[in-house]
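Comments concern the structure below.
Coordinate-derived values only; no laboratory data. Not measured: the values here are computed from a predicted model. As a convention, Cβ positions derive from the backbone with ideal geometry for all residues, glycine included, and neighbour counts pool all protein chains shown.
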Amino acid sequence: MDGNDGAGWLKNSGAIKKCPYCNSFVRGDAVRCDVCRRRIGAADGNGLAKKPMDIAAYLTAAGALAALAAYLRWAFGG
Ligand SMILES: [Zn+2]
């Protein structure tokens, strides 16, 4: 018998998960944290919600890299 639940109930329950940004507990099916309003993904095996891919940040980074590459070609390319 294991009477010590601890945080074990959280694992794989799917009923609740933890926001990776503010560490608040939110509903397991929530797509946005109730506390910090940031987008969160599905819970992993530890009940911690994943951070979803931020497409805007990704595109910004990709654009910056493309601009840098273009600049380097312009500055150093024949
Ligand atoms: Zn949060």
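Each of I40, I55 was scored by other Cβ atoms within 10 Å of its Cβ. Arranged with the fewest first, they read I55, I40. Taking the Cβ of A49 as the center, what net charge do the other residues with Cβ under 9 Å away carry, scoring Lys and Arg +1 and Asp and Glu -1? Cβ neighbours under 9 Å give a net charge of +3. A simple spin-label model places pseudo-atoms 7 Å from Cα toward Cβ; at L48 and Y21 they are separated by 1.7 nm.
When each of the peptides 29-38, 61-70 is scored by the mean number of other C-beta atoms lying within 10 Å of its residues, the order from highest to lowest reads 29-38, 61-70.
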